[in-house]
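First the structure, in the form of structure tokens, and then the observations on it.
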Amino acid sequence: MSVIKVAILGFGTVGQGVYKTIQSHGEELTAVLGKKVEVAAVLIKNNQKEREISEEVLVTTNFGEILDLPQLDIVVEAIVDKEPTFTFLKKAIKHGCHIITANKEMFAHHGKELIELADENHVSIGFEATVAGGIPVIQTLRELLKINRVDQVQGILNGTSNFILTEMRVKKQSFAQSLLQAQLNGYAEADPTNDVEGYDAFYKTMILSRISFGEEPNWHAVEREGITSITSELIAAAEKFGLRFKHVASLTKAGNQIKASVKPVLVGQEHPFYHVEGVENAVNVHSDIVGRITLQGPGAGMFPTASAVIEDLVYVCQSHPAKRSYTGTPGGNIGQKNEDKKEYWLVQGLTKKYAAPSITWIDQAANEIFIIQTTRKEVDQLAIQQGGLVYYPILGEYETLLKDTALTALL
Ligand SMILES: NC(=O)c1ccc[n+]([C@@H]2O[C@H](COP(=O)([O-])OP(=O)(O)OC[C@H]3O[C@@H](n4cnc5c(N)ncnc54)[C@H](OP(=O)(O)O)[C@@H]3O)[C@@H](O)[C@H]2O)c1
């Protein structure tokens, strides 16, 4: 029986998960592919660490030795940082290998170039693990986009932020206490900036934009805000209104415009993200034929991420041209804010003396924490007039929530 030879770059959480899954699911892979899948090599950085790797596998710190193997079909990349990863993957593609990556930061920056290079070299790229870990969101979008037109994608894409927000609400803890808990559980790095300031979710959003719409918004024009401004007081006030804070990435296409943001928002019980708790991720896609669908599941972890990589392994072996990895239709001018539409906001730090006639006061949860209805433009202006104002949009049909409560009387 012929064999598919795989090299794994990086042997941390994801690399080990992929190695173990290839061993544990060899029969299933052979049944689907008609070939045996073998790990031929593993690239490591620190050769002092103990590793549980079969003696038949080449374990090396030198990527050149991997490319010198007599047969190499697929390179799975599970390293951190943009470099030397990008360089390794370019070499692998030019060598004629299919590549699979879990590295969202590298892929958000260099995905377009890698796709073009892969296309020139007639190989495929899998990147399912770069967004929402084990949730098959890329594959679902690829399938949907064959006929459906997707116009909105929203997601809870960072499990660490979602865990912290859940802990703050359920245990009535501060941000610092909840972050510490995330670190103790191994969900957050010693330096949590990428997660809590929204960079990790931002990279994933740009990858989703490219697959959904064939292009990305201008990175500098995308609103990116993390969860560090959210206090226990705000969370308690939101709860009084039946609302929960979620860190949500949002992409909306209207005509030729893509609006993108990555920021904390509020959702009511009717919203599919309301019950997404802890380290779970969720992605909600709206398209013209099927309507709205939500995928929810583990956004990280050894085996959920390995599952995404192994699904990609089957995908690339079935020889899909790289360019079809990005199937969305490119649009034109990229806009960011719909400033004139009236939305609901939870605001803190606003006093009624600053009120403009265009503001509708809906309710008050605590001293200087209100729900108001106004435009984005108005609330931005208020923030300039009144230093220290914080404001978060409420997603979904907030009117529905109001109808179910005595708050209707206040409208
Ligand atoms: N963990 C998750 O749940 C998850 C989910 C989705 C995506 N990802 C992405 O997957 C990638 C890997 O994540 P991880 O959690 O597995 O990280 P990790 O546990 O920190 O492991 C990273 C591995 O990369 C290796 N490495 C670093 N630089 C290298 C180099 N120059 N050459 C060879 N090996 C090198 C390290 O090798 P040594 O062991 O020799 O030090 C380490 O084993 C990241 O890009 C991450 O964003 C992770």
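All of the numbers you see were taken from the coordinates with simple rules; none came from a lab. Since we're looking at a predicted model, the values are computed, not measured. Backbone-built Cβ (ideal geometry, glycine too); neighbour counts: all protein chains shown.
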Mean-position separation - Cα centroids, segment 274-322 and segment 23-79, in angstrom
24 Å
Hey, rough spin-label estimate for residue 139 and residue 174, points 7 angstrom out along Cα→Cβ, what's it come to in nanometres?
4.4 nm
Rounded to the nearest 20 Debye, what is the dipole magnitude of segment 1-100 about its Cα centre when Lys and Arg each give +1 and Asp and Glu each give -1 at the C-beta?
300 debye
What Kirkwood hydrodynamic radius, in Å, does the chain give when the mean of 1/r is taken over all pairs of distinct Cα atoms and then inverted?
22.7 Å
For segment 81-92, in order, what is each residue's ³J(HN,Hα) by Karplus, 6.51 cos²θ - 1.76 cosθ + 1.60 with θ = phi - 60°, in whole Hz (x at glycine and Pro)?
6, 6, 10, x, 4, 4, 4, 4, 5, 4, 5, 4
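State which stretch of the chain is the longest one without any exposed trypsin sites (Lys or Arg not before Pro), exposure meaning a DSSP loop state and at most 15 other Cβ atoms within 10 Å.
173-336
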For segment 233-283, treating each Cα as an identical point scatterer without solvent, what Debye log10 I(q)/I(0) comes out at q = 0.15, 0.20 1/Å?
-0.49, -0.77
On full extension of the chain, what length is gained from residue 121 through residue 184, given 0.36 nm per residue of separation minus the C-alpha to C-alpha distance?
18.2 nm
Enumerate the calculated ³J(HN,Hα) couplings along segment 179-196 in order (Karplus 6.51 cos²θ - 1.76 cosθ + 1.60, θ = phi - 60°), each rounded to whole Hz, writing x wherever the residue is Gly or Pro.
5, 4, 4, 4, 5, 5, 7, x, 8, 10, 6, 4, 9, x, 3, 4, 7, 7
Stretch residue 68-residue 47 to full length: gain in nm at 0.36 nm per residue minus the Cα-Cα span?
5.6 nm
Efficiency of FRET from Cβ geometry, residue 147 and residue 3, R₀ 35 Å, rounded to 0.05:
0.45
Taking the chain and dividing mean pair separation by its residue count, relative contact order in percent (alpha carbons under 8 Å, at least six apart):
18 percent
Once the dipole of the chain is set up with Lys and Arg at +1 and Asp and Glu at -1 on Cβ about the Cα centre, which of 364, 226, 393 lies farthest towards its positive end?
364
In the chain, what % of DSSP beta bridges are antiparallel (nearest 5)?
65 percent
Given the Cα-Cα distance of residue 289 and residue 367 and 0.36 nm per residue of separation, how much length would full extension add, in nm?
23.5 nm
Rounded to the nearest 5, what is the percent of antiparallel bridges among the DSSP beta bridges in segment 148-298?
95 percent
12 Å beta-carbon shell around residue 306, net charge (K/R +1, D/E -1):
-2
GNM on the chain, Cα springs under 10 Å; top mean-square fluctuation among 64, 396, 96 goes to 64
